[in-house]
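Nothing in this text is a laboratory measurement; each read-out follows from the coordinates by a stated rule. The shown structure was predicted, so the numbers you read here are calculated from the model rather than taken from an experiment. Cβ sites come from the backbone with ideal geometry, for glycine too, and all protein chains shown count toward neighbours.
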Amino acid sequence: MTGLRARQKADRSRRIIQAAADLFREQGFDATRIEDIAARAEVSEGTAYNYFQTKGDLLVAIVSREVEEVLQAGKALMAAPPRSVQDGLDALCAVYFDHSLVYLSKGMWRQAMAFSISAPDTPFGRRYTELDGLLRGQVCDLIATMQARGLVRVGLDVAALGEVVFNNLNMMFIEFTKSDLSVAALKQAVSRQNAPLARLMAVP
């Protein structure tokens, strides 16, 4: 019975999160009520509040799902990275960008970013910062992996380089959420910016 209850609880949580993601996209974060989400998820309003006390809690759950899936896709890439530094950086950035609008719209991302900046010491703010750190760490790990495979020059500070690459792609993603820039154009711009760094890092 314990296993069944756990599966039922996980299913309810998944349905609530999916309902919230759909409604935030359809009618906007501010216009969506918890009771709307409960109705879409086919649970009682009380059940929805038992799982998520605020819409902010739901938003961070959606962001968490997004980033966790992206990290898994990144791990698959890291297991067999491309044979050039430029291709490796571009491929990992593409994993992040291609998945970025699966659960969240640009407006939802802006809302999440605003929450993380305005309330950094809340559970939401801390979780958002943690997720950013996991993505940054994966970029650093990719460069370290390419260095171990003889693609990146020995002696370079791969952690610092990974932070530079991540900070740039993160800033470009912020600009993407604020504009009508397409994912394809975003990837092209970041690839162009990665190019000089990749040349500096690559073994001649």
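Summary of computed values
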item: Total lysine pairs whose alpha carbons fall under 21 Å of each other in the chain (8 or more apart, or interchain); result: 6
item: Distance between the stretch 43-113 and the stretch 145-204 - C-alpha centres, whole angstrom; result: 19 Å
item: At R0 = 45 Å, FRET efficiency that the Cβ-Cβ distance of V154 and E175 yields, to 0.05; result: 0.85
item: Nearest 10 degrees, 0 to 90: helix 158-178 Cα axis against the chain principal axis; result: 50 degrees
item: Estimated translational D of the stretch 69-147 in µm²/s (Stokes, Kirkwood radius over Cα pairs; 4 °C; 1.567 mPa s); result: 95 µm²/s
item: Percentage relative contact order, the stretch 44-115, counting C-alpha pairs under 8 Å, at least six apart; result: 40 percent
item: Between helix 183-201 and the chain: long-axis angle, C-alpha atoms, 0 to 90°, nearest 10; result: 40 degrees
item: Low-density loop cleavage sites - GluC sites (Glu not before Pro) in the stretch 1-76, where at most 12 other Cβ are within 10 Å (DSSP); result: E42
item: Angle in degrees between helix 123-148 and the longest Cα principal axis of the chain, rounded to the nearest 10; result: 30 degrees
item: 11 Å beta-carbon shell around A94, net charge (K/R +1, D/E -1); result: -2
